[in-house]
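The next block holds one structure in the form of structure tokens; read it before the comments.
The values are calculated or read from the model by the stated rules, or taken from the named source; none is laboratory data. Treat the numbers as computed from the prediction; the structure is a model and nothing was measured. Cβ placement follows ideal geometry from the backbone for every residue including glycine, while neighbour counts extend to all protein chains displayed. Heads up: the accessible areas ignore ligands, DNA and RNA and are worked out on the full protein's heavy atoms, side chains in. Shrake-Rupley method; radii C 1.70, N 1.55, O 1.52, S 1.80 Å.
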Amino acid sequence: MKGIIIFTSKTGVTQDVAKYIQSKLHFEIELVDVSKKIKEMDVSSYDFCIVGSPTYISMASKQVKDFVRSNIQTLLSRSLYIFMIGANDEVNLTETLPQSYPQEIVSHAKVSEFLGGELRYDKLGFLKRFLLQQIEKAKVKENPNHKSPSIFWDKVDQFCIDLENDLTSK
């Protein structure tokens, strides 16, 4: 089986998770950053598609949303899996997925999961870095036990297991 992971990543977190998923699965998988490829890319030669996106204000990135909308018919004819990454450990997929993708894509996805996230301040511009640092400081002040967001590697591993099980059961 041949698959593709479609993603975009401003700070590298989503890309790192996509590469990890690629390394864990026992299939030939191509990684494609849609911010560097045209949205009309042909995905019809792949047996399955994994769509990964960072979240911005509880929505997938514009590049990934545009890609999904432009390729909806092909994606609906393939096994589809979705993961999301965020700088907030509290992303609610029941709200985020329908705001990000057409309902038929959300319903068609075999596995959908929020996999955590992390803040990479060194990859941000001055204003975003400053604002996020202030938000983190406020969270720590409000709750001294607050921890910065992190990738849920156990959930990433389970996502890979669920995907592999689904694909090998066919």
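Under 10 Å, Cα contacts only: if you run a Gaussian network model on the chain, which one of 17, 140, 106 comes out with the highest mean-square fluctuation?
140
Counting only the heavy atoms of the protein chains, how much of residue 104 is accessible to a 1.4 Å probe, in Å² to the nearest 10?
Using a 1.4 Å probe on the heavy atoms, I get roughly 90 Å².
Could you sort 35, 53 by their accessible area in this structure, using a 1.4 Å probe and putting the largest first?
Most to least solvent-accessible, the answer reads 35, 53.
Calculate the radius of gyration of the Cα atoms of region 1-81 to one decimal place, then report Dmax, the largest Cα-Cα distance, as a whole number, both in Å.
Expressed in Å, the Cα Rg and Dmax of region 1-81 come to 11.9, 35.
Quick one: of 36/147; 2/62; 24/128; 123/147; 19/65, which pairs are farther than 30 Å apart, Cα to Cα?
Over 30 Å Cα-Cα: 36/147; 24/128.
Would you work out which of 156, 63, 25 lies farthest towards the positive end of the dipole of the chain? Charges go on Cβ: Lys and Arg +1, Asp and Glu -1.
Projecting each Cα onto the dipole axis, the largest value belongs to 63.
Pick out which of 94, 74, 55 has the largest mean-square fluctuation in a Gaussian network model of the chain, springs linking Cα atoms closer than 10 Å.
94
If you build a Gaussian network model of the chain, linking Cα atoms that sit under 10 Å apart, which residue out of 134, 73, 15 swings the most?
Most flexible of the set in this elastic network: 134.
With every protein chain present, what accessible area does residue 101 have (1.4 Å probe, heavy atoms only), rounded to the nearest 10 Å²?
Probe radius 1.4 Å; accessible area of residue 101 about 10 Å².
Just from the alpha-carbon atoms, what are the Rg and Dmax of region 74-170 in angstroms?
Cα only, region 74-170: 16.7, 51 Å (Rg, Dmax).
Using only Cα atoms, find the angle between the long axis of helix 13-24 and the longest principal axis of the chain, and express it within 0 to 90 degrees, rounded to the nearest 10.
40
Using the Cα atoms of the chain, I'd like the radius of gyration and the largest Cα-Cα distance, Dmax, both in angstrom.
For the chain, the Cα-based Rg and Dmax read 16.2, 51 Å.
Given Cα pairs under 8 Å that are at least 6 residues apart, what percent is the relative contact order of the chain?
22
Send over a whole-number figure in Å² for the accessible area per residue of the chain, probe 1.4 Å.
54
Please work out the C-alpha center-to-center distance from region 115-170 to region 51-87 and express it in whole Å.
18
Please state the charge dipole magnitude for the chain, taken about the Cα centre, from unit charges on C-beta atoms (+1 on K and R, -1 on D and E), reported in debye and rounded to the nearest 20.
For the chain, the charge dipole is close to 620 debye.
Which sequence of 129, 69 reflects their accessible areas, 1.4 Å probe, from the largest down?
Largest to smallest exposure gives the sequence 69, 129.
Using a 1.4 angstrom probe on heavy atoms only, work out the carbon and sulfur share of the accessible area of the chain in %.
51
Counting every Cα pair in region 99-149, what percent are over 18 Å apart?
Value for region 99-149 (Cα pairs over 18 Å): 55 percent.
On a 0 to 90 degree scale, rounded to 10, what angle separates helix 126-142 from the longest Cα axis of the chain?
The answer is roughly 70 degrees.
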